[in-house]
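Below is one structure, written out as structure tokens; the observations come after it.
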Amino acid sequence: MFEALDAIVLARAQFAFTMSFHIVFPSFSIGLASYLAVLEALWVWTGREVFISLFNYWLKIFAVAFGMGVVSGIVMSYQFGTNWSAFADKTGPIIGPMMAYEVLTAFFLEAGFLGVMLFGLKRVGHRLHFLATLMVATGTLISTFWILSANSWMQTPAGYAINSDGQFVASDWLKVIFNPSFPYRLVHMVLAAYLTTALVVGAVGAYHLLRDQKLAGSRVMFSMAMWMVSLVAPIQMLAGDQHGLNTLKYQPAKVMAMEGHYQSHPNGAPLILFGLPDQAEAKVKYAIEVPKMSSLILKHSPNAPLTGLDTVPRKDWPPVPVTFWSFRVMVGMGCLIAGLGLLSLFLRWRGDLHRSRLFHLGAMAMGPAGFIAVLAGWITTETGRQPFTVFGLLRTVESVSPLAAPAVASSLIAFVVAYFALFIAGAIYILRLMALPPRPSEQGPRSDIPVRAAGITPAAGVAAEGAAI
Amino acid sequence: MSVSIDLATVWAFIIAFVVFVYIVMDGFDLGLGILFPLFPAKVDRDVIMNSVAPVWDGNETWLVLGGGGMMAAFPLAYAVLMPALYTPVIAMLLGLVFRGVAFEFRWRTRRERNLWDIAFAGGSLLAALAQGVALGAILQGVHVEGRHYAGGWWDWLTPFSILTGAALVVGYALLGAAWLVMKTEGELRDRAYRLSWLFLIAMLGAIGAVSIATPFLQVQYTQRWFTWPNVILTAPVPIAVAGVSALLLRSLVNKYDYQPFLLSLMLFALSYAGLGISMYPYIVPQSITIWQAASPENSQLFMLFGVAVLIPLILGYTAWAYWVFRGKVNAASGFH
């Protein structure tokens, strides 16, 4: 028994680890692909040099981030089989086709057109190249559609039956795909990806504005990013609120964990701002509360009753401390992001957007805020689903592969070592690219480097490349 | 061995097709990595990398489809085989991660370029070896109880799986060399010819060794290949292998451009057909047939619609991407 538990903990750690590393890249590249499509469209439309320069600037960064997303994604697609084979057997007939559709409609589209997008501008002409960029951007969104549909089905399963082998079988594919939490989660995630990208673009723009306020590329990217943040952040708060209400309806235990409501409150529940949830004693210690506020937010009425985890069997409780705190981190980041957006509107109105050094420092500091919010949000929703993989129907302990703990431990160590080495290197290369100012006449990824290297002397190519770095 | 046309059989052929497209597309791609240490000059390495940089992640997407498609169409087989092949699959994934990032990383640094070259070569070699080992482990059969894998996490390691691992490395190296013959010029191409020779001979040896070993692994394979009337179906395979090998030798002697690569792919196709003959109708040999592993009909039908429409479309735009980057990649003028 002890050993079985160990293997489960290790398998969960492995999924959480590989997933957390993976999700950083899509949440950046989804937004960046759309941003690149917008930049190229503006260039094709207006013919202004600054847009193609910015396009080429961000394209090089996109190439690195996308490559890392692809390779860490291949790992994810095999995690279900290696560590979660019982889950794969039971949910394969439903999750499998959705993932297959993701590959067929999205991954191939992205990969098929990525080569042309990266290296093909001179080969295929402007219009066809723009089409390739558009296909890559569309591919990232289609991919988001399918993988969030699959994830949402695990949260709020619908349209299924269970066959004699214990497998989930679709009884209605439309209900499976458009399950109750899917539309909310999709909107929330796509907006999160856009915000994450806008914050990164804004931080890079701010960094270069601090050094040179006249550089057109920095000015344009900073302005575009701040527009995006100020417009999308409020919409995201609204979307998050709606997503929360949906969760209250279909996964009440998750909301109880997010709120730290171990006890039921028949006469209006307080909003616990901070505190230390204690799972063993089933209470939140040192809680700082706003009376009736939780009922007001969740039920839009201060005295509305809210049930707590005391109405849920203890074996079905999610791990409250993790869910509680990750939720607060996400909301906190959201508030900071919205604040940044408001401030940018004010400064823009005063004409100081490109001048305020303090604001630029603030925007730089907020560069990673989107990533933190996305990770915290996913931790909230995934730990809040526990102790189930398919909410209410399939327990996590019944989903795991029949593997000995040493096997899972070894692979976990291998992934940790490899990912830290590779992703630290990748992050450094991306930061190096970002540290270069967005100059006019910026070139795209350089498939021509070896050409020059051999054409003159090998050193010339290295030097040319060194100049690009 | 009558082949009845039902949904599970259709899906078995689709998955087989997808895996074969993967081998066709990523085989030479991994082969280039395996050959990398034999081309120490930076100029050559740049050309080799560039010959595949625009298409490599499309190539690997077929592997994701193979995994995802198998989970969707034959979830039981996926659930049994993945834990059984745990170590080779994890090794393959790590290999692919290392070689994949190298495509971008080696252009981003001068100091650490050698490090990423090693990652590219080592990752490719590891991925190819792991795939071959996994194939051997499947062929020799795995221990199944109920709906679960019931063996240990080192069961896959046998002399036979090592043999198939080495065979696939040699085969991918042949594809890589033949790809370079097709895509490069001058001295690099001359060396690719010589390597094609070397790896062709090695691959024929490997095909022979695996062919001799396979039928004696389990009774089913022996009967499948050597009993009357099956021989009528199976005998043409080795005969065709001999014929294709002769043509391939001739194309290398005559220094043709495209033929060595295409004929090498045909060698792979024939070997693959041989595997199919050995395995059908099992998806986990001796334990689980394609009908036992099949998803419910409505899952398979739901996907069949998508596959029928989308795979031709995907092949179409993939072909277009290859067409855009067609022709020789050389040090003097880069992409034409």
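The values are calculated or read from the model by the stated rules, or taken from the named source; none is laboratory data. Everything quoted here is computed from the prediction, not taken from an experiment. Glycine also receives a Cβ, built like all others from the backbone with ideal geometry; neighbour counts cover every protein chain displayed.
Every test in (1) surrounded by fewer than 23 Cβ atoms within 10 Å (Cβ to Cβ); (2) hydrophobic (A, V, I, L, M, F, W, C); (3) in contact with a strand residue (DSSP E or B) (Cβ under 9 Å, 6 or more places away or on another chain) is passed by A:Trp45 save one, and that test is (3). Only one of the listed residues (B:Val181, B:Val169, B:Val210, B:Val144) is over 29 Å from B:Ala84 (Cβ atoms), touching a residue at least 40 places away in the same chain (Cβ under 8 Å) and not small (Gly, Ala, Ser). That residue is B:Val181.
For B:Ile118, the conditions (1) without any contact (Cβ under 8 Å) to a residue 24 or more places away in the chain; (2) surrounded by 23 or more Cβ atoms within 10 Å (Cβ to Cβ); (3) aliphatic (A, V, I, L, M) are fulfilled apart from (2).
Look at (1) more than 8 Å from chain A (Cβ to nearest Cβ); (2) at pLDDT below 90 and you find that B:Leu38 fails only one, number (2).
The residues in segment A:419-433 that are surrounded by 19 or more Cβ atoms within 10 Å (Cβ to Cβ) and without any contact (Cβ under 8 Å) to a residue 12 or more places away in the chain can be counted, and the count is 1.
Among the residues making up segment A:119-137, a single one is buried (at least 20 other Cβ atoms within 10 Å of the Cβ), facing another protein chain (nearest Cβ under 7 Å) and part of a helix (DSSP H, G or I): A:Phe119. Pairs needed: first member in segment A:53-71, within 14 Å of another protein chain (Cβ to nearest Cβ); second member anywhere, polar (S, T, N, Q) and assigned to a helix (DSSP H, G or I); C-beta distance under 6 Å; at least 6 residues apart or different chains. Listed pairs, sorted by first residue: A:Ala65/A:Ser29; A:Phe66/A:Ser29; A:Gly69/A:Ser29.
Checked against the criterion of being more than 11 Å from chain B (Cβ to nearest Cβ) and in contact with a Pro (Cβ under 6 Å, 6 or more places away or on another chain), the candidates A:Thr140, A:Thr156, A:Thr144 yield just one match: A:Thr156. Annotation: of all residues in segment B:127-161 being buried (at least 23 other Cβ atoms within 10 Å of the Cβ) and within 11 Å of chain A (Cβ to nearest Cβ), the one that is farthest from the chain's Cα centre (by Cα) is B:Tyr149.
Among the criteria (1) closer than 17 Å to B:Ala269 by Cβ; (2) buried (at least 21 other Cβ atoms within 10 Å of the Cβ); (3) not acidic (Asp, Glu), the one B:Thr61 does not fulfil is (1). In segment B:242-254, the residues that are part of a helix (DSSP H, G or I) form Cβ pairs under 9 Å with partners that are loosely packed, with under 13 Cβ neighbours inside 10 Å, at six or more places apart or across chains, as follows: B:Ser251/B:Tyr258. Looking only at segment B:221-237, decide whether some residue is crowded, with 16+ Cβ neighbours inside 10 Å and among the small types (Gly, Ala, Ser). No: segment B:221-237 contains no residue that is crowded, with 16+ Cβ neighbours inside 10 Å and among the small types (Gly, Ala, Ser). The residues of segment B:193-232 that are part of a loop (DSSP other than H, G, I, E, B) and more than 24 Å from the chain's Cα centre (by Cα), listed by number, are B:Thr227, B:Trp228, B:Pro229.
For the criterion of being in contact with a Leu (Cβ under 6 Å, 6 or more places away or on another chain) and crowded, with 19+ Cβ neighbours inside 10 Å, B:Ser264 passes.
B:Pro40 fulfils the conditions (1) without any contact (Cβ under 8 Å) to a residue 24 or more places away in the chain; (2) part of a helix (DSSP H, G or I) except for a single criterion, (2).
If the condition is being surrounded by fewer than 23 Cβ atoms within 10 Å (Cβ to Cβ) and facing another protein chain (nearest Cβ under 7 Å), then segment A:94-117 contributes only A:Thr105.
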